[in-house]
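Colleague: What follows is a single structure, and I will ask about it in a moment.
The values are calculated or read from the model by the stated rules, or taken from the named source; none is laboratory data. From a predicted model like this one, the values you see are computed outputs, not experimental measurements. Methodologically, a virtual Cβ is constructed for each residue, glycine included, from the backbone with ideal geometry; neighbour enumeration extends over all protein chains shown. Note: accessible area is taken over every heavy atom of the protein model, side chains too, but ligands, DNA and RNA are not part of it. Shrake-Rupley method; radii C 1.70, N 1.55, O 1.52, S 1.80 Å.
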Amino acid sequence: MATQQSRFRDMIRKLEPKIRRAFEDALANASTAVDERQLVKLIEAGRIAEAAEILRIDQSYLWPLHEAQRAGFVSGGQLAEEIGNRGLRGVYAFNGGHERAEAWVRERGAQLIQSISEENVQVARRVIETGLREGRSSLAVAREITGRKVGKRRVGGFLGLNSDQTDHVLNARSILSDPDRIRDYFVKDKKTGRWKPRYKLSDRRFDKQVIKAIKEGRAIKGKELDQIIAAHKSKALGYRGKVIAKQESRQAIAAGREEGMLQILERPDVETVTARWQHNRSKEPRQDHLAMDGTVIEVGERFEFQDGTKMRHPHDENAPAKHTLGCNCMAFYRVRVKRAPSTPKARFNYENFTPLRNHGEAEKFVISSGIAEVANLKGISTAALNPGLRAAQEVTERFGLSPLAAVGPSTRFKMGPIPNAEAAIVPGRKNGKRTALLHLPLRFGSKFEAEKQRDIAKKNAPVYAKQRKDALERLKAKGALDNRVEERAAKMDEADYNWTVNILADHAEQKRSTIYHEFGHVLHLIDERISIRIDAFLAQSDVMKSGWPLLVSKYGGQVSHEYVAETFALYMLGEENHFRIHPDLLSIYKEFDAK
């Protein structure tokens, strides 16, 4: 089953090209529909305001853009169905006709259309005024605004550009057409020291022509200039389309998700719906968004930033651009269903665990508590079995696990020896279903082995700490380090990162941690309810490559299934360790934990 993050990203990937295409088609159709003769006539008469006004885009051209936006909002609402239907009684379906939903679609669509249309008028006026001031003909100015005809469409015009892009294009034209200023077309890159065009969206294909003109001490004019500027405008329009698609898709889907969660909250069987701010990795993270990572609010409340900005969720369309443009954050929602009044508070037998006195009691306990169907524990220290079996009972009860096939040394169940293993899960099948042996070797209870491991771990702690520091720096230098990892790593003590989780603890705690680790394998490899969720998380995230194992242990960084087992041990050892677990994986553990 896909995670909230992966479904959100998949939906954005599908919606972005639709919005971009709708935007580009709207501008192309609007440009083609302009009455060029009337435009030229108004420019010649000096009636600039009227000339600019006829370039206002008719709403009918922008209707497909509005429809794509609406589809994104509804799709976001349908994502809420996947979250809500996991725990709700009955079936929840998103109501796109809800008064609140219809109001968002209507108002946001009107805002988008008005914004694009109004900006076109302002851009047109700016281009007309500049063109006339430079002494260019009315026809040349008109065609520069609408673009040249290629087939049935016009391309290379100003329509669709924002004010900044328009100023850049006009200034580039002014620079290129002036022999005294043409050198200013290029600037030196502060990082590389190399020369590059002053404006990022200039078309680099024409760099050689500009360099040649600079060397010859001349300006660029005529068709050559028109060609360079038209290419600049086309590239700028493409970029504008990408920005609008990215912004509007995220805003529509995020707003739809929140509306869906508000509708779920209105159900009588729902107690609360919470939203957690999740900061996702980016090259230049906003520090205030990074600080907000992990903050939880009730749906309907606001995330409040230090600058006073309040947001319902990431990509809130009412937030200032500095909090939304280029943002990759998302909200992680959780629904808490009301408990039926007649349902007694859950109790667990492991909480009343009584120490076992011998192997016979231990073997009976394994079967009666539902840990496994068969047990053979002769020769294993009871002192070690007590904390280990209590941990096994705890996980079995809290996560509703089916009994394993057996517990004991592997050689007693017609299997080969498993050398050097403190414990191990050996997967298998029984009656067509997954099951496993929990291999506990005779040395499972050895205090000598536990002390030996602890001494080695203490000795190697500084070595592992340096290795982790170097690994974090390498990932950061490559741009692969998740910013959340860096922040959380600073909260850890040097001794927290070792060969395995809790290896420096006393004998009994080591046994408990070992069993938690092995049952992490059970969740991941055996239990079909949970394994499908964990596999989806691993497939759709870059958790192993973005530094998360460096918050866990050296062993947890070797392969993904050991990362899962080590993080599950951290989860079971207490909430104070949960910040070291990837939030999406942590949410899976919490979802299936009955405690």
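Colleague: Identify all residues within the range 254-263 that are among the aliphatic types (A, V, I, L, M) and buried (at least 24 other Cβ atoms within 10 Å of the Cβ); write none if there are none.
Modeller: Correct list: Ala254, Ala255, Met261.
Colleague: Kindly indicate which of Arg412, Arg390, Arg398 is at pLDDT 90 or above, over 39 Å from the mean Cα position of the chain (by Cα) and open to solvent by 10 Å² or more (accessible area, probe 1.4 Å).
Modeller: Going through Arg412, Arg390, Arg398 in turn, the sole match is Arg412.
Colleague: Okay, moving on. From the list Asn498, Asn460, which one is modelled with pLDDT under 90, out of contact with any helix residue (DSSP H, G or I) (no Cβ under 9 Å at 6 or more places or on another chain) and open to solvent by less than 60 Å² (accessible area, probe 1.4 Å)?
Modeller: Asn460
Colleague: Filter the range 230-245 for residues that are in contact with a Gly (Cβ under 8 Å, 6 or more places away or on another chain) and not hydroxyl-bearing (Ser, Thr, Tyr); which is surrounded by the most Cβ atoms within 10 Å (Cβ to Cβ)? Full working, then the answer.
Modeller: Let us first name the residues in the range 230-245 that are in contact with a Gly (Cβ under 8 Å, 6 or more places away or on another chain), namely 230-231, 233-234, 237, 240-241.
Next cut, not hydroxyl-bearing (Ser, Thr, Tyr) only: 230-231, 233, 237, 240-241.
On the way: Ala230: 19, Ala231: 17, Lys233: 26, Leu237: 24, Arg240: 20, Gly241: 20.
Only one residue fits best here, namely Lys233.
Colleague: Please identify the pairs in which a residue from the range 419-436 that is touching a residue at least 24 places away in the same chain (Cβ under 8 Å) has its Cβ atom under 9 Å from the Cβ atom of a residue that is acidic (Asp, Glu) and part of a loop (DSSP other than H, G, I, E, B), counting only partners at least 6 apart or on another chain.
Modeller: Lys430/Glu373; Arg434/Asp527; Thr435/Glu373
Colleague: Condition first: part of a loop (DSSP other than H, G, I, E, B) and at pLDDT below 90. Can you find one or more residues in the range 508-528 that meet it? Spell out the reasoning first.
Modeller: Keep residues of the range 508-528 that are part of a loop (DSSP other than H, G, I, E, B), which gives 527.
Checking the rest, the ones that are also at pLDDT below 90 come to none.
The answer is no; no qualifying residue exists.
Colleague: Given Ile43, Ile48, which one is more than 30 Å from Gly326 (Cα to Cα), touching a residue at least 60 places away in the same chain (Cβ under 8 Å) and open to solvent by 30 Å² or more (accessible area, probe 1.4 Å)?
Modeller: It is Ile48.
Colleague: Considering only residues that are over 14 Å from Pro409 (Cβ atoms) and either open to solvent by less than 30 Å² (accessible area, probe 1.4 Å) or among the aliphatic types (A, V, I, L, M) (or both), which ones fall in the range 366-381?
Modeller: Of everything in the range 366-381, those that are over 14 Å from Pro409 (Cβ atoms) and either open to solvent by less than 30 Å² (accessible area, probe 1.4 Å) or among the aliphatic types (A, V, I, L, M) (or both) turn out to be Ile367, Ser369, Gly370, Ile371.
Colleague: Would you be able to tell me the number of residues in the range 529-545 that are over 18 Å from His578 (Cα atoms) and part of a loop (DSSP other than H, G, I, E, B)?
Modeller: Going through the range 529-545 one residue at a time, the tally reaches 3.
Colleague: Name every residue in the range 406-431 that is in a loop (DSSP other than H, G, I, E, B) and within 15 Å of Leu377 (Cβ to Cβ), in order of residue number. Can you show your working first?
Modeller: From the range 406-431, those in a loop (DSSP other than H, G, I, E, B) are 409, 414-423, 431; that's our starting set.
Those that are in a loop (DSSP other than H, G, I, E, B) and within 15 Å of Leu377 (Cβ to Cβ): Pro409, Ala423.
Colleague: Regarding Gly96, is this residue assigned to a helix (DSSP H, G or I), within 25 Å of Ile19 (Cβ to Cβ) and small (Gly, Ala, Ser)?
Modeller: Spelling it out, it is not the case that Gly96 is assigned to a helix (DSSP H, G or I), within 25 Å of Ile19 (Cβ to Cβ) and small (Gly, Ala, Ser).
Colleague: Could you say which residue among Lys215, Lys283, Lys242 is in contact with a helix residue (DSSP H, G or I) (Cβ under 7 Å, 6 or more places away or on another chain) and of a type in the set (D, E, K, R)?
Modeller: That would be Lys242, the only listed residue that is in contact with a helix residue (DSSP H, G or I) (Cβ under 7 Å, 6 or more places away or on another chain) and of a type in the set (D, E, K, R).
Colleague: Can you tell me which residue is nearest to Val270 (Cα to Cα) among those in the range 81-109 that are modelled with pLDDT under 90 and surrounded by fewer than 13 Cβ atoms within 10 Å (Cβ to Cβ)?
Modeller: Arg89
Colleague: Same structure again: Would you point out the residue of the range 342-356, among those that are open to solvent by 70 Å² or more (accessible area, probe 1.4 Å) and in contact with a helix residue (DSSP H, G or I) (Cβ under 7 Å, 6 or more places away or on another chain), that is modelled with the lowest pLDDT?
Modeller: Across the range 342-356, the extreme among qualifying residues is Asn349.
Colleague: Next up: Consider only pairs whose beta carbons are under 7 Å apart and that are at least six residues apart or on different chains; among these, list those whose first residue lies in the range 487-500 and is closer than 15 Å to Leu570 by Cα and whose second residue is outside any helix (DSSP H, G or I) and of a type in the set (A, V, I, L, M).
Modeller: Once the first residue is closer than 15 Å to Leu570 by Cα and sits in the range 487-500, its partners that are outside any helix (DSSP H, G or I) and of a type in the set (A, V, I, L, M) give Ala495/Leu504; Asn498/Leu504.
Colleague: Across the range 434-445, which residue is nearest to Arg529 (Cα to Cα) among those that are open to solvent by 30 Å² or more (accessible area, probe 1.4 Å) and not aliphatic (A, V, I, L, M)?
Modeller: Here the residue is Arg434.
Colleague: Could we say that Ser513 is farther than 29 Å from Ser282 by Cβ and in contact with a Leu (Cβ under 8 Å, 6 or more places away or on another chain) here?
Modeller: In short, yes.
Colleague: Enumerate the pairs (first residue in the range 246-275 and in contact (Cβ under 8 Å) with a residue 60 or more places away in the chain and more than 22 Å from Gly109 (Cβ to Cβ); second residue anywhere and assigned to a helix (DSSP H, G or I) and open to solvent by 10 Å² or more (accessible area, probe 1.4 Å)) with beta-carbon separation below 7 Å, excluding pairs fewer than 6 apart on the same chain, so at least 6 apart or on different chains.
Modeller: Val273/Leu265
Colleague: Are any residues in the range 130-166 open to solvent by 60 Å² or more (accessible area, probe 1.4 Å) and either part of a helix (DSSP H, G or I) or of a type in the set (Phe, Trp, Tyr) (or both), and if so, which ones?
Modeller: Leu132, Arg133, Leu139, Arg143, Asp164
Colleague: Let me ask you something else. Given the structure, is Pro403 surrounded by fewer than 19 Cβ atoms within 10 Å (Cβ to Cβ), under 39 Å from the mean Cα position of the chain (by Cα) and either without any contact (Cβ under 8 Å) to a residue 60 or more places away in the chain or at positive phi (or both)?
Modeller: When the stated conditions are applied, Pro403 passes them.
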